[in-house]
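The values are calculated or read from the model by the stated rules, or taken from the named source; none is laboratory data. Since the model is a prediction, treat every value here as computed from it, not as a measurement. Methodologically, a virtual Cβ is constructed for each residue, glycine included, from the backbone with ideal geometry; neighbour enumeration extends over all protein chains shown. We work out accessible area using only protein heavy atoms, side chains counted, and drop any ligands, DNA or RNA first. Shrake-Rupley method; radii C 1.70, N 1.55, O 1.52, S 1.80 Å.
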Amino acid sequence: MRTRPVLIYDGDCAFCTSSVVFAERRLRPRCEITPWQFADLESLGVTRERAEYELLWTTPTGSVYGGAQAVAKLLLSSGGVWSVLGALLTLPPVRWLAHGVYRLVADHRDRMPGGTPACAVPAAQRQGPQGTEPRNSR
């Protein structure tokens, strides 16, 4: 049984990888960090489609947070001033705005600094993987 949360990201995306490296160095979150390509997604309660669609934060109890809420959990786990920002990202209307900004960045991550064509999310997945809500706030 896991005792720490797991942050799951797209290891094939240079923008995502750069963002995670930044978070590891600057934020020092209290979690395991792994690309979805090397994670046991089934044991984490996550589908491949969802992992390809958004950043995910899974708790030891099995809750899964995606997108901007995964970022909020990452910030909350980092402590200090970062946790204040993470808490703000969980509150409406900031949460709604954060979701929109997250989707905008995620849908165009191939155009972001450090992004490559491999970072592009297939158009079919931009509306959210089937069977999940794009705005997971579980």
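Annotations
- Number of positions in the stretch 27-43 that are part of a loop (DSSP other than H, G, I, E, B) and either of a type in the set (S, T, N, Q) or out of contact with any strand residue (DSSP E or B) (no Cβ under 6 Å at 6 or more places or on another chain) (or both): 4
- Residue in the stretch 52-63 that is assigned to a helix (DSSP H, G or I) and either farther than 21 Å from Gly114 by Cα or out of contact with any helix residue (DSSP H, G or I) (no Cβ under 8 Å at 6 or more places or on another chain) (or both) present: no
- Set side by side, the residues Val101, Val46, Val20 differ, and just one is touching a helix residue (DSSP H, G or I) at 6+ places or on another chain (Cβ under 8 Å), closer than 25 Å to Ala120 by Cβ, in a helix (DSSP H, G or I) and among the β-branched types (Val, Ile, Thr), which is Val101.
- Given (1) more than 14 Å from Val71 (Cα to Cα); (2) of a type outside the set (Val, Ile, Thr); (3) in contact with an Asp or Glu (Cβ under 8 Å, 6 or more places away or on another chain), number of the condition Cys16 does not satisfy: (1)
- Answer residue from the stretch 90-100, given it is open to solvent by less than 80 Å² (accessible area, probe 1.4 Å) and out of contact with any Lys or Arg (no Cβ under 6 Å at 6 or more places or on another chain) and is farthest from Ser19 (Cα to Cα) among those: Pro92
- A count restricted to the stretch 10-25 and to residues that are within 21 Å of Leu41 (Cα to Cα) and open to solvent by less than 30 Å² (accessible area, probe 1.4 Å) stands at 4.
- Enumeration of residues in the stretch 47-63 that are in contact with a Ser or Thr (Cβ under 9 Å, 6 or more places away or on another chain) and open to solvent by 40 Å² or more (accessible area, probe 1.4 Å): Thr47, Glu49, Pro60
- Annotation: of all residues in the stretch 90-138 being acidic (Asp, Glu) and modelled with pLDDT of 55 or more, the one that is farthest from Glu52 (Cα to Cα) is Asp110.
- Of all the residues in the stretch 64-74, those that are assigned to a helix (DSSP H, G or I) and either open to solvent by 30 Å² or more (accessible area, probe 1.4 Å) or in contact with a Pro (Cβ under 8 Å, 6 or more places away or on another chain) (or both) number 3.
- Enumeration of residues in the stretch 34-46 that are surrounded by fewer than 16 Cβ atoms within 10 Å (Cβ to Cβ) and either of a type in the set (Asp, Glu) or in contact (Cβ under 8 Å) with a residue 12 or more places away in the chain (or both): Gln37, Phe38, Asp40, Glu42, Gly45
- Considering the stretch 1-25, the residues that are at pLDDT below 95 and of a type in the set (D, E, K, R) include one that is farthest from the chain's Cα centre (by Cα), namely Arg2.
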